[in-house]
Amino acid sequence: MEQQSMFAQPLLAQPLASRMRPRTLEEFVGQEHLLGPGKVLRTIIESDAASSMIFWGPPGVGKTTLARIIANRTKSNFIDFSAVTSGIKEIRAVMEQAQSARAFGERTILFVDEIHRFNKAQQDAFLPYVEKGSIILIGATTENPSFEINAALLSRCKVFVLHALQADELCALMRRALSDERGFGGQRVEIADELLHMIANFSNGDARSALSTLEMAVLNGRRDGEKTVVEHALLEQCMSKKSLLYDKNGEEHYNLISALHKSMRNSDPDAAVYWLARMLEAGEDPLYIARRLIRFASEDVGLADPRAMEQCVAAYQACHFLGMPECNLSLTQAVVYLSLSPRSNAVYRAYESAKKDAVTMLDEPVPLVIRNAPTRLMQQLDYGKGYVYAHDTEDKIADMECLPPSLRGRRYYLPGEEGREARAKQRLDAILAWRAAHGGKHEEEEK
C-alpha cells in the first residue's frame with residue numbers, strides 16, 4: 001500500500017506523465033531484456049520473491065514505475081524516499097516505521113530515488129535494516145552503482161540495468177496516452193505519426209519527456225470544432241527548434257561528430273569549437289563527446305603528445321562532475337588542445353595491422369620462452385625455459401623472440417617524427433639495432 005499525502009492532486013490535475021504511469025507489468029513498455037516472458041526480473045516479480053535491488057538507467061525509463069508495480073504486486077507498503085531532500089534523521093524515522101509494520105506481518109518497500117546522492121554515512125544507515133529484512137530497498141540511480149554506492153550496500157542488492165526506450169516504444173506510449181481515459185482519450189486529438197516520431201527522437205529515450213512534450217502540444221493545439229489538431233509548426237514551438245534539427249540517433253548526429261573529428265584532425269580549432277557548440281547546444285550528451293575525444297587522442301595524436309590523453313580524460317571527469325552547461329569549457333579546452341597537438345596515427349595503424357594478423361592467425365602458439373610456468377609439469381614441458389628478466393641485463397633488453405615463429409620480424413608500430421614521437425622513434429631504432437646486433441643467439445641456443 002502506497003503512502004498518500006493529504007494534499008494529493010486529483011488525477012486529471014496531474015501531469016500527463018503521472019496520469020499515464022503504468023500500473024501493471026502488462027502496461028509497462030520497454031526493458032524486454034528484464035521483463036520479457038521468462039526473464040529474471042519478471043520471474044522475481046511474478047513469484048513474489050522481491051529482494052533489495054538497484055535500478056540503474058537514464059532518466060524516464062521506468063525505474064520508479066517498476067518499484068511501484070513491485071509494491072502493488074507483492075501487496076507491500078510503498079515508501080517513496082528522495083535522496084535529495086532526506087538525511088539520516090529521516091532515514092531512521094522511516095526505518096522505525098518499517099520495523100513496526102513488519103511486527104504486524106507487513107512488508108515495506110522503500111524506494112530511494114537518486115540513491116547515488118546519499119553520502120557514505122547515509123547509505124550505511126540502511127545496512128542493518130536491509131540485512132534484517134526490515135525493508136526491501138529499491139534504489140534508482142543514473143550513475144554507475146560501482147562508483148556511487150557503498151560496496152557493503154551494493155553487495156546486498158541485485159543490480160538491474162535499464163536501457164533508454166526506443167523511438168517505437170515511446171510512440172506506443174504516446175498513442176496509449178491519446179486513447180486512454182487517463183490521458184486524452186476523452187478528446188479528439190489529431191496528430192500525425194511523423195510528429196509522434198519527432199517527439200520520440202527529441203526525447204532521447206525518456207518517456208517522461210515524451211509525454212510532457214505531447215501534453216504541451218495537445219494543450220496548445222489548434223481547435224477545430226470538437227477536434228484538437230497538433231501541427232508541425234506548433235510542435236517546433238513546444239520543442240527547441242535546433243534540437244529538432246539534431247536527431248541524436250540519426251544521420252545529423254553522425255554528421256556533426258564527423259565534422260568535429262575531422263576539423264580537429266585538420267588542425268582547425270575554430271571549426272572544431274563551432275561543431276562542438278552545435279552538438280552541445282542541441283542537447284548532445286557531453287560524456288559522449290568526451291569519449292570521442294579520448295578516442296581521438298589515441299587515434300590521431302598518440303605518442304606525438306601523450307598529454308593529449310590526460311587532457312581528454314580530465315575533460316571526461318569534469319563532464320561527469322559538473323554536467324551541462326558548466327562542463328562546456330572543459331570540452332572546449334580539450335578540443336582546442338587536440339586541434340593544436342602534433343599528429344601521429346602510428347598507434348592506430350599498429351593496432352589495425354596487429355588485429356588483422358590476430359583474427360586470421362588465431363592458433364599461433366605463445367613461444368615457450370615467455371610462457372608462464374606455475375606448475376612442475378609446465379616446467380618439465382619447458383614453459384619459460386630460457387626466459388631472461390630484462391631488468392637483470394646491462395642494456396635492459398633480453399635477446400628473446402616474443403612473437404610466434406610465423407610472425408618473427410613483423411613490425412606493427414611504425415612511429416613518425418612529429419612531437420614527442422620523434423623520441424619514441426629514436427628509442428625504437430636503437431632497440432631494433434641492438435636486436436640486429438644480438439639476433440640469432442637464442443636460435444643457436446634452441447638448436
Expressed as a whole number of Å, what is the distance separating the alpha-carbon centroids of region 185-206 and region 29-104?
30 Å
Want the number for Asp395 to Lys120: 0.36 nm per residue separation, take away the alpha-carbon distance, what's left?
94.0 nm
Would you mind calculating the gained length between Asn144 and Asn372 on full extension (0.36 nm times residue separation, minus the Cα-Cα distance), in nm to one decimal?
78.5 nm
Given labels modelled 7 Å from the Cα in the Cβ direction, how far is it in nm from Met361 to Glu131?
5.6 nm
Would you kindly enumerate the cysteines in the chain that have no other Cys beta-carbon under 4.7 Å from their beta-carbon?
Cys157, Cys171, Cys238, Cys312, Cys402
Name all residues of region 104-121 having a backbone nitrogen under 15 Å from the label point set 7 Å from the Cα of Val159 along its Cα→Cβ direction, giving them as ranges.
115-117
Over the chain, what is the relative contact order in whole percent, taking alpha-carbon pairs under 8 Å and six or more residues apart?
11 percent
Measuring from the longest principal axis of the C-alpha atoms of the chain, the long axis of helix 207-219 (C-alpha) lies at a number of degrees, nearest 10, equal to 40 degrees
Cα gyration tensor shape of region 17-82, rounded if a/c is under 1.5, else prolate or oblate by comparing a/b with b/c:
rounded
Dividing the helical contributions, -39500 (n - 2.57) per DSSP H run of n ≥ 4, by the residues of the chain yields a 222 nm value, nearest 500 deg cm²/dmol, of -14500 deg cm²/dmol
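Considering all projection directions equally, how large on average is the shadow of the alpha-carbon convex hull of the chain, in square nanometres?
Hull-based average projected area comes out at 30.7 nm².
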Over all Cα pairs of region 353-392, how is the pair count split among 5 Å bins, expressed in % and running from 0 up to the last occupied bin?
6, 22, 18, 17, 15, 16, 7, 1
Roughly what angle does helix 346-360 make with the longest principal axis of the chain, taking Cα atoms, 0 to 90 degrees, to the nearest 10?
90 degrees
With the alpha-carbon atoms as the only input, what is the per residue convex hull volume for region 82-229 in Å³?
149 Å³
Return the ratio Rg/(2.2 N^0.38 Å) for region 262-412, where Rg is computed over Cα atoms only.
1.49
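Which of the peptides 306-315, 143-152 is most tightly packed, and how do the rest follow, going by the mean number of other Cβ atoms within 10 Å of each residue? Let's see the in-between values first.
Numbers: 306-315: 18.6, 143-152: 14.6.
Order by mean packing, descending: 306-315, 143-152.
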Percent accessible area from carbon and sulfur atoms, region 112-165, protein chains only, probe 1.4 Å
49 percent
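Specify, per residue and in Å³, the volume enclosed by the convex hull of the alpha carbon atoms belonging to region 142-232. Mind dumping the intermediate values first?
Numbers: hull volume 10.2 nm³, N = 91.
Hull volume over Cα atoms, normalised by residue count, gives 113 Å³.
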Against the globular-protein guess of 2.2 N^0.38 Å, express the Cα radius of gyration of region 197-338 as a ratio, rounded to two decimals.
1.28
With a cut-off of 8 Å between alpha carbons and a minimum separation of six or more residues, what is the relative contact order of region 315-395 in percent?
16 percent
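Give the peptides 50-59, 102-111 in descending order of average Cβ contacts within 10 Å, highest first.
Details: 50-59: 19.8, 102-111: 16.7.
Highest mean packing first, the order is 50-59, 102-111.
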Gaussian network model of the chain, Cα within-10 Å springs - most flexible of Ser406, Ser353, Ser258
Ser406
Heavy-atom accessible area per residue of the chain, all protein chains kept, 1.4 Å probe, expressed in Å², is 55 Å²
Tell me the net charge near Phe118. Cut-off is 14 Å between Cβ atoms, Phe118 excluded, with +1 for each Lys or Arg and -1 for each Asp or Glu.
-2
Relative compactness, region 250-294, computed as alpha-carbon Rg over 2.2 N^0.38 Å:
1.03
Counting DSSP beta bridges in the chain, what percent are antiparallel, to the nearest 5?
10 percent
Against the longest principal axis of the chain, how steep is helix 269-281, in degrees 0 to 90 to the nearest 10, with axes from Cα atoms?
30 degrees
Just check region 22-141 against the gyration tensor rule for me: Cα atoms, a ≥ b ≥ c as the square roots of the eigenvalues, rounded for a/c under 1.5, and otherwise prolate or oblate depending on whether a/b exceeds b/c.
oblate
Let me check against my output: what whole-number percent is the relative contact order of region 86-221, with C-alpha pairs under 8 Å and at least 6 apart?
19 percent
Over 25 Å (Cα to Cα) - which of Lys355/Lys396; Lys63/Lys227; Lys132/Lys158 fall in this group:
Lys355/Lys396; Lys63/Lys227
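The values are calculated or read from the model by the stated rules, or taken from the named source; none is laboratory data. Since we're looking at a predicted model, the values are computed, not measured. As a convention, Cβ positions derive from the backbone with ideal geometry for all residues, glycine included, and neighbour counts pool all protein chains shown. Keep in mind that these areas ignore ligands, DNA and RNA; they rest on the heavy atoms of the full protein, side chains included. Shrake-Rupley method; radii C 1.70, N 1.55, O 1.52, S 1.80 Å.
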